[in-house]
Every structure is written in structure tokens, then in C-alpha cells.
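Reviewing the structure listed below.
The values are calculated or read from the model by the stated rules, or taken from the named source; none is laboratory data. Being a predicted model, the structure only gives us computed values, none of them experimental. With ideal geometry, Cβ positions are generated from the backbone for all residues, glycine too; neighbour counts draw on all protein chains shown. Heavy atoms of the whole protein, side chains included, go into the accessibility calculation; ligands, DNA and RNA do not. Shrake-Rupley method; radii C 1.70, N 1.55, O 1.52, S 1.80 Å.
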Amino acid sequence: MLRFALLRLLWAIPTLLLVIVLAFLMVHAAPGGPFDAERALPPEIEANIARAYHLDEALPQQFARYLGGVLRGDFGPSYRYRDYSVSELIGNAIPVSMKLGALAMALAVLVGISLGTLAALRQNSALDRLMMGLAMTGISIPVFVIAPLFILFFAVKLQWLPASWSGSTSAWRLLLPVVALALPQIAYIARLTRASMIEVLGSDFIRTARAQGLGTAAIIRYHAMKPAMLPVLSYMGPAIAAILTGSVVVEEIFGIPGVGQFFVRGALNRDYTLVLGIVIFYAALVILLNLIVDVLYGFLDPRIRHR
Amino acid sequence: MSLLEISGLSISYPGSAAVLDRLSFVIEKGESLGLVGESGSGKTQTALAIMGLLPTNARVAGGVVFDGTELLGQPERMLNLYRTRRMGIVFQDPMSALNPYVRIGAQLNRILLEHGLASDDEADSRSLEMLRLVGLPDVERQFRSYPHQLSGGMRQRVMIAAALIGKPDLLIADEPTTALDVTVQAQILGLLRGLRHEFNTALLLITHDLGVVAGNCERMIVLKDGKLIEEGMTPQIFAEPVHPVTRAMLAAARRSDFLARSHERTPKDQTPVLEIEGLAVSYAVPGERRSRKRLPAVQQLTMTIAPGETVALVGESGSGKTSLARAIVGLLPVQSGSMVLLGKPLTGRVESRPNALRRAVQMVFQDPVGSLNPAMRVDDIITEPLTVHEPDKIKANKDEVVAAMLRRVGLDDALKKRFPHELSGGQAQRVAIARALVLKPKILICDEAVAALDGSIRQDILELLRAEQQQSGLSLLFITHDLTTVRQISHRVLVMYLGRLCELADTESLFMRPKHPYTKALLDAVPIADPAIGIIVASDLGEAPSMLQPPSGCAFHPRCPYSISRCSEELPELQDFKKSSAACHRAAELAL
Ligand code: SF4
């Protein structure tokens with residue numbers, strides 16, 4: 001088990017390196033430079049700027065310099081926010097993004113699993129059909145549609161909740177974005193839980209548990225939950241990635257000053273070091289969280305653990 | 001008042017005939033009742049109905065009255081008052097019946113806690129005590145183990161512990177030993193007998209094996225197609241069965257009691273078709289591929305098969321019998337030693353062997369339906385091997401070949417367009433045999449080929465194989481754990497233990513005068529279908545040791561009642577006797 005985890009950790013290194021190379025090349029292949037402006041700058045000044053940011057060096061050299069910085073946790077200076085380094089920008093934006101992502105994830109897991117289990121226990125009832133219909137809808141509607149609709153309905157029309165971050169200090173300010181972000185995941189996890197729970201409940205060892213006179217609650221909690229969660233746990237990797245990408249959209253729509261918003265701004269402003277930094281940061285995050293999921297999986301399934 | 005009163009119990013499912021038809025019987029307090037029948041006779045449905053575990057789409061009528069209370073149609077909440085505390089059940093397959101994700105101890109504790117039979121502090125010690133009672137060794141460690149870390153016999157002990165932990169009045173055991181080796185079966189049955197008396201529990205023992213009933217049940221009932229056809233005291237039914245079906249079942253069980261082939265001239269003196277000498281086979285341990293640890297599955301094995309001879313290969317699971325078969329057909333690499341087939345060396349994997357040698361050895365497996373290609377029809381399945389070996393010939397006269405093969409294995413021509421899942425188990429096994437025979441092999445390896453079949457169908461298949469052998473001089477290598485089958489079909493028997501040959505003997509001499517203590521232990525473990533003989537109390541052998549760390553000297557010595565100090569130090573050589581040879585230091589002096 002320990003060896004398995006270490007092996008996965010070792011594999012993460014080349015994966016991450018590949019991401020860095022690809023992202024670096026793609027950013028450099030993008031048309032236009034960060035300092036292109038409507039009015040052309042005098043050539044001497046342009047050369048000066050290029051030299052200051054090492055843009056005059058050959059690509060491999062630039063990459064080596066960049067990689068060296070990344071290894072020290074330095075993603076270079078931002079081209080647009082002149083007084084900040086990319087690391088500082090990301091660092092400042094992380095807390096609110098993390099809060100948003102973690103809350104959305106927690107909400108998705110809790111609600112998704114509860115609804116899925118309930119639907120499995122009432123298989124083919126009206127409640128089950130209603131929930132699965134809703135889930136299908138939830139999966140089909142993308143975040144960038146849900147979010148504006150939420151704003152329109154809850155903030156503009158009903159005026160229950162604030163529409164945007166800025167100027168509001170209410171504790172509720174994260175509610176709408178979290179729900180908008182979590183909704184498709186709730187739907188997906190609910191369907192996944194229902195399917196795997198139904199399968200587990202049909203297995204021989206559940207029949208044994210019933211023969212032992214355990215109540216439904218005890219059967220779910222002590223016998224069925226763990227095996228039923230394995231497929232859900234496998235989905236956590238993709239779910240994390242989906243929440244991260246979703247957060248880019250949601251932060252922009254709700255005006256939340258998180259990493260995602262910086263990413264969008266960075267892309268629009270051709271702030272390439274910022275974009276590159278965020279891509280690498282997110283990639284590292286996804287790899288790390290997937291690693292944790294894998295290890296957790298081993299802990300849930302004793303047959304894997306003892307291999 | 002009886003403990004359990006079943007009256008007019010009928011069960012049916014939408015779209016099919018009734019699986020149980022107005023069944024009535026009673027179980028008195030503390031008595032043991034055998035419920036006998038072939039698969040599909042409604043035995044398990046009866047057990048599930050008593051426990052209230054039938055699927056929700058089952059239509060049930062009649063009555064199940066437990067200690068004066070009607071249980072049918074009661075809500076779960078009410079049934080849960082009876083389960084564990086008043087009645088418990090042991091299922092056939094302890095691997096799937098125990099939760100693989102939960103430690104053994106936690107599974108037992110949960111039962112106690114849920115029923116308020118123990119407080120949080122007491123639960124551990126109560127569960128441990130119960131595990132000790134069912135004879136689990138090294139209880140503290142097993143308590144923290146997961147089911148897959150235990151052997152089949154150990155798991156079944158845990159199942160029994162779970163079923164008896166609430167000291168119920170009734171224990172239902174549904175084929176509790178069918179999935180286990182004979183030696184383990186004898187232990188589990190002995191355990192059930194002992195515990196039943198200790199707890200004064202009534203027992204409903206469900207089985208297809210009349211031998212199991214004979215030694216364990218005072219009274220018995222026989223089911224056929226969901227109907228009760230015979231009921232009475234066990235000795236009486238064995239002595240004077242009334243219903244023709246019961247009579248046939250008893251006859252089938254007893255047919256094994258005379259040596260069907262002992263009168264036949266054994267063909268072993270002719271030039272052998274297959275000669276194996278000093279064979280060693282090993283394979284990589286699953287999950288330990290990196291460490292290159294190899295499991296010695298077969299070691300130093302020497303044997304021959306003559307044309308027209310049947311050699312039975314016997315041993316517990318893990319004895320290496322299947323590995324030997326796989327090496328012969330070329331599915332496992334040979335480590336050392338030699339095999340000679342039809343005078344030519346048999347080496348390498350199956351793909352690298354010359355065609356003539358490849359088709360000379362064919363195999364039939366345990367699960368007939370599963371071993372046939374589900375997407376092919378019977379006629380294509382039968383001729384498929386020929387399309388590889390004789391493509392031109394088969395194109396021209398496929399219909400003739402199919403018709404001839406079907407006739408040969410006793411199947412109706414109308415079946416040729418069926419798919420495997422549309423066949424019964426017996427029919428599918430006949431198709432598998434036809435598929436193997438179409439290549440005119442010299443040796444047919446049957447790997448537990450009749451183990452999954454019911455009594456009468458099993459007899460038919462054995463009869464077919466025997467007839468085939470007499471006609472074409474086919475040699476059979478018959479791998480089985482069932483000694484009654486061995487007795488009926490084989491000329492010689494090869495007993496294996498932990499990858500080594502223990503005894504190789506003529507069938508008669510093996511059963512009458514076993515030379516190796518392990519052979520004796522296997523023979524003693526077989527339940528005898530005669531209540532008058534009663535139970536031969538087999539010495540409790542305990543569990544087979546792991547092949548990864550085989551014991552020193554004679555591998556059987558830790559379990560051998562006759563072992564002496566020499567046994568643990570020195571590997572016994574194979575000694576020849578009149579009609580057998582055995583690898584035991586004391587084979588000459590012991591009278592077993
Ligand atoms: S060699 Fe010794 S231990 Fe082995 S079977 Fe013979 S008597 Fe028993």
C-alpha cells in the first residue's frame with residue numbers, strides 16, 4: 001500500500017513536468033506579445049522591456065529559467081500587475097477560491113450521496129423518478145447557464161441574496177456561487193450513488209445482514225455505504241477538475257476575486273506568466289487531489305490494500 | 001406446539017411456474033430435519049421464505065408459523081425480532097455471504113449491538129468467545145481480518161458463528177459445505193453437530209447430498225420440482241424409500257458403493273499415451289510479481305496414462321491438480337522434468353506445439369455454460385475447433401459432423417441452433433464434450449467436469465464418458481474433489497498434497513487399503529449415504545498449510561496423526577507396493 005502511494009507520487013513528477021512544458025509551449029505559440037499596445041512603442045523601449053523580462057533569450061533558455069523559478073515556487077513577475085509577482089497574485093486569490101471550491105465539493109458530496117442513497121432505497125418510486133429526472137436536468141445544464149439564471153432569479157427578481165461579491169459583507173455572499181458550482185456535481189454524484197447503492201443492496205452479503213436482523217439504517221451505514229462509495233470515490237478526480245474549471249466561470253460571473261477571475265483577466269490581457277502560473281498551479285492541485293483519492297480508495301477496499 | 005410450522009407454502013414469480021407448491025412440514029424444538037432435493041427443487045426458496053428474505057417480486061401463499069406467530073407478510077421490523085435471536089441461517093458460499101469490506105470482528109459486533117445482546121464494551125469479548133467456539137484458530141488475529149484473508153472453511157466457521165451468536169432456536173444451513181473440500185466439509189459438519197447439542201438448536205439442513213443427511217439428520221423430507229414427495233425418519237427412508245424419485249436418488253448415491261470398474265481389466269500395461277516424469281510446475285504469485293517469488297504448484301511428479309485408462313486426480317484445493325492439467329495442455333510453463341505424448345516430447349506453451357500434439361489433448365471444464373462462447377450457436381461451437389485444424393473438410397460437410405457429434409453425446413439434433421444460455425447444465429456439458437471430442441483427442445482432461453451437475457445428470461455424463469472411452473479408447477484424466485465420482489469412473493487414482501504425489505494406486509486398492517495417511521483422511525471425510533453406518537468421526541485435520549511455506553520433510557506431517565520425528569526432517573520417497581505406491585515413511589508398517 002505504502003509502495004503503491006509512493007509509486008503514484010513518483011509518477012506525478014513527470015506528469016507535472018509534461019504539463020509545464022506543454023503549457024509553456026502553448027503560451028509562447030499564442031499570437032501577440034504581452035506588451036503589444038495600440039500605439040507602437042519606440043524600438044529601444046521595446047528592446048529594454050524584452051531584456052528586462054528575458055524575452056530576448058532563446059526559448060530553451062527561457063524555459064530553463066522559468067522552470068528553475070517554478071521549482072523555487074516563483075512563477076515570475078506578472079506582465080500586467082506590474083508591482084506583483086504571479087506567486088503573490090495566486091497566493092492572495094487562493095483563500096477565497098479554496099473556500100468556494102471546497103464548499104461546493106462538500107455540498108456536492110453530502111447532498112449527492114444522501115439523495116442517491118434515498119433514491120436507491122425507494123427504487124422506482126415516484127420520489128426516485130422525480131429525483132433522477134432532476135438530476136438528469138442538472139447534469140445537462142452547464143454552469144455558465146445556471147449561474148446567470150441564479151442571479152436573475154434569486155438576486156435581481158427576489159432580491160434574497162446578493163448578486164455579486166463586491167461591496168457585500170454578508171455571510172450569504174458565497175451561497176449562490178457555491179450552489180451554482182455544486183449543482184451539476186450533486187446531480188452526477190446522486191446518480192452514481194444510486195446506481196452503485198442498488199447494486200450493493202442486491203449482493204449476497206446484504207442478504208446476510210438482513211438475515212441477521214439488522215435494520216435498514218444499520219445495513220446502509222455498516223455494510224452498504226463503504227462498497228457503494230467506491231465508484232463515487234473514483235469520480236472524485238474528475239469532479240475536482242470539473243469544480244476547478246467551473247470555478248473560473250463562476251468567479252467571473254459573480255465577480256469573486258479568486259484565482260479563476262485572475263485567470264480570465266490574465267488571458268484577456270495577454271498576461272502570459274499569470275496564465276501559465278495558474279495553469280501549472282491547477283494542474284499540480286488536480287494531480288495531488290487525485291493522488292489522495294487513490295490512496296483513500298486503497299483504504300476503503302481492503303482487497304486492494306492487501307495486495 | 002412445534003417450533004416451526006410450514007403449511008401450504010407456495011411461491012411463484014411473475015412469468016414462471018411455481019417454484020414451491022403447497023409445501024407443509026414441521027420442525028420440533030431441538031430436532032434436526034434434512035431437506036433434500038436437486039437444484040431447482042425449491043430448497044433454498046423454502047429457507048428464504050422462513051427467514052423472510054424472498055425477493056420483493058415473489059408471490060407467496062400459505063403459512064410460516066414460528067413458535068405460534070405467523071411470520072409471512074410481517075414487516076421487516078417485526079421479522080428482525082426473530083432473526084438472530086430466534087433463528088439464524090448459514091448460506092452456501094461464505095465468500096459472497098460475508099461482507100468483504102468489513103472486518104470479521106466488526107461484522108459480529110454489529111449483530112450483537114443491533115440486537116442489544118451486548119454493550120459496546122462487551123461486544124468484542126462476546127464475539128471473540130463465539131469465534132473460539134466455532135474453532136477458529138488464532139482468534140485475535142482473525143477478529144481483525146477481512147473475509148478474503150481467510151480460507152473457505154474458516155469463512156464458513158465465521159458464518160456459523162454469526163448465525164449462532166444470538167443463540168437461536170432454529171439454525172438453517174443451506175448447502176453449508178457444498179463449496180468446501182471434503183476434509184473441510186467433514187470438519188464443518190462435525191462442528192454443526194457439536195454446536196447444535198451445545199445450544200440445543202433445531203437444525204434445518206438443506207442439501208443435495210444424501211450422505212450429509214444420513215449422518216446429521218434424524219428426520220428428512222425430499223423435494224422435487226417444488227413438491228414434497230417423501231417424508232419420514234431418515235433410517236426408514238434410506239431403508240424403504242416410497243417415491244420412485246427418492247429411490248433413484250438413493251440408488252445413484254449408492255451406486256458408488258460398489259466398485260463399478262474393479263472387474264474391468266486395467267489397461268495400464270500397454271504403452272502409455274502420456275508419460276510424465278519428475279515434472280515441476282510453478283507460477284508467479286499474484287501480486288508478488290516484482291519479488292519474483294514463484295509458487296511451486298507441482299513438484300517431482302511422475303505418472304503415466306495408458307490408452308483407454310481413466311486416472312483420477314484427487315486432492316484439496318491448492319494441491320496442484322489443476323496446475324498439473326494446465327501444464328499438460330500447455331497453459332502453464334514446465335519448470336523441469338519431461339512429458340512424452342504419443343512418443344513425442346511435449347514441451348513449450350500450447351501455441352508452439354505441433355498441431356497433432358495439440359489436438360491430442362482436450363479439456364472439459366467445470367462450468368459448462370461459462371466455458372462455451374455465449375455468442376455462438378451449438379453447431380458452430382462444436383465445429384469451431386475443426387475450422388482451425390481442418391478448414392476445408394468442415395466447410396463441405398459441417399451438417400453431417402454436427403449431426404454425428406450430437407448423436408454421439410446423446411443430444412437431440414434440434415438443439416443445434418441454440419445458444420449456450422438456452423441449454424440446461426447437463427446439455428451444455430454434453431456440448432462441451434462434443435466440442436472436445438470432435439478433434440479425436442487421445443486424452444480428455446475433465447477438470448471438475450461433473451461437479452456442478454445434480455446427481456442423476458452427473459451419472460448420465462459419467463456414463464457418456466465411459467461409453468465414449470470403451471468405443472474409442474480415449475484416456476481420461478479426471479480431476480475431482482469428489483471421491484464418489486472417483487470410485488465410479490477411474491481405474492487408477494493419483495492423490496496429490498501441496499503439489500506432490502502422495503499415493504498412486506488402483507482404485508480398488510486405494511479405497512480398500514489406502515497406503516498414505518492423507519488418502520485415509522480423505523476417505524474418512526466422505527459422508528456415507530447410510531444412516532446405519534452413522535458418522536465416522538474423522539480426525540480433525542485443521543487447515544491445509546500454505547504452499548508458499550510448505551512444511552519441511554513430509555508436507556503432510558503437521559496434520560498427520562501418524563507422524564514421527566523423521567517425518568519433519570526427511571522428504572519421503574515414493575515406495576512401491578503391490579497395487580499402489582505411496583510417499584510416506586510409514587507406508588509399509590501402517591495398517592490404515
Ligand atoms: S511420512 Fe510421516 S507425516 Fe508423512 S504421511 Fe507418512 S507418517 Fe504421516
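Any idea which of (1) assigned to a helix (DSSP H, G or I); (2) at the interface with another protein chain (Cβ under 7 Å from one of its Cβ atoms) is the one B:Pro100 doesn't satisfy?
It fails just one condition, (1).
In the range B:413-446, how many residues are among the acidic types (Asp, Glu) and over 18 Å from B:Ala375 (Cβ atoms)?
Number satisfying all stated conditions: 1.
Could you run through the range A:268-284 and say how many residues are in a helix (DSSP H, G or I) and surrounded by fewer than 17 Cβ atoms within 10 Å (Cβ to Cβ)?
Count: 2.
What are the pairs, 6+ residues apart or on separate chains, where a residue within the range B:570-586 that is within 18 Å of B:Thr507 (Cβ to Cβ) has its Cβ under 8 Å from a residue that is near the ligand (Cβ under 8 Å from one of its atoms) and part of a strand (DSSP E or B)?
Sorted first by the residue in the range B:570-586, then by its partner, the pairs are B:Ala582/B:Cys502.
If I go through the range B:32-58 residue by residue, how many of them are among the charged types (D, E, K, R) and open to solvent by 20 Å² or more (accessible area, probe 1.4 Å)?
So the count comes out to 1.
Among the candidates A:Thr273, A:Thr245, which residue alone is in contact (Cβ under 8 Å) with a residue 12 or more places away in the chain and more than 14 Å from chain B (Cβ to nearest Cβ)? Spell out how you get there, then give the answer.
Details: A:Thr245 fails: in contact (Cβ under 8 Å) with a residue 12 or more places away in the chain.
None of the other options fit; the residue is A:Thr273.
Residues checked against (1) outside any helix (DSSP H, G or I); (2) within 14 Å of chain B (Cβ to nearest Cβ); (3) at pLDDT below 90:
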position	(1), (2), (3)
A:Ala187	no, no, no
A:Ala209	no, yes, no
A:Ile220	no, yes, no
A:Leu233	no, yes, no
A:Val249	no, no, yes
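For the range B:109-122, how many residues meet the condition of being over 27 Å from B:Ile27 (Cβ atoms), in a helix (DSSP H, G or I) and either open to solvent by 40 Å² or more (accessible area, probe 1.4 Å) or facing another protein chain (nearest Cβ under 9 Å) (or both)?
Of the residues in that region, 5 qualify.
Given the structure, is B:Val65 hydrophobic (A, V, I, L, M, F, W, C), open to solvent by 10 Å² or more (accessible area, probe 1.4 Å), facing chain A (nearest Cβ under 9 Å) and not in a helix (DSSP H, G or I)?
no
In the range B:2-21, what residues are closer than 14 Å to B:Glu70 by Cβ and open to solvent by 60 Å² or more (accessible area, probe 1.4 Å)?
Correct list: B:Glu5 only.
Show me the helices (runs of 4 or more DSSP H) entirely contained within the range B:460-537 in which 2 or more residues are open to solvent by less than 10 Å² (accessible area, probe 1.4 Å) and within 16 Å of the ligand (Cβ to nearest atom).
Numbers: elements: B:483-489, B:507-512, B:517-525.
Once the helices (runs of 4 or more DSSP H) in the range B:460-537 are filtered for at least 2 residues that are open to solvent by less than 10 Å² (accessible area, probe 1.4 Å) and within 16 Å of the ligand (Cβ to nearest atom), what remains is B:517-525.
Looking at the range B:503-511, can you tell me whether even one residue there is among the polar types (S, T, N, Q), farther than 25 Å from B:Ile328 by Cα and in contact (Cβ under 8 Å) with a residue 40 or more places away in the chain?
yes
How many residues are surrounded by fewer than 18 Cβ atoms within 10 Å (Cβ to Cβ) and part of a helix (DSSP H, G or I) if we restrict to the range B:229-248?
The total comes to 6.
If I ask for residues that are within 8 Å of the ligand (Cβ to nearest atom) and open to solvent by 20 Å² or more (accessible area, probe 1.4 Å), which ones from the range B:573-592 would you list?
B:His585, B:Arg586, B:Leu590
Taking the conditions exactly as written (part of a helix (DSSP H, G or I), open to solvent by 40 Å² or more (accessible area, probe 1.4 Å) and either more than 29 Å from B:Ala452 (Cβ to Cβ) or in the same structural domain as B:Ser39 (by TED's automatic domain parsing) (or both)), does B:Asp399 satisfy them or not?
So B:Asp399 passes the test.
Output the residue which, of all residues in the range A:84-134 that are of a type in the set (Val, Ile, Thr) and within 17 Å of the chain's Cα centre (by Cα), is nearest to A:Ile256 (Cα to Cα).
Within the range A:84-134, the match that is nearest to A:Ile256 (Cα to Cα) is A:Val96.
Table: residues versus (1) assigned to a loop (DSSP other than H, G, I, E, B); (2) within 11 Å of chain A (Cβ to nearest Cβ).
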site: B:Arg77; (1), (2): no, yes
site: B:Leu81; (1), (2): no, yes
site: B:Gln107; (1), (2): no, yes
site: B:Asp124; (1), (2): no, no
site: B:Glu129; (1), (2): no, no
site: B:Arg132; (1), (2): no, no
site: B:Gly135; (1), (2): yes, no
site: B:His148; (1), (2): no, yes
site: B:Arg157; (1), (2): no, no
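Identify, by number, the condition in (1) modelled with pLDDT of 85 or more; (2) open to solvent by 60 Å² or more (accessible area, probe 1.4 Å) that B:Asp367 doesn't meet.
(1)
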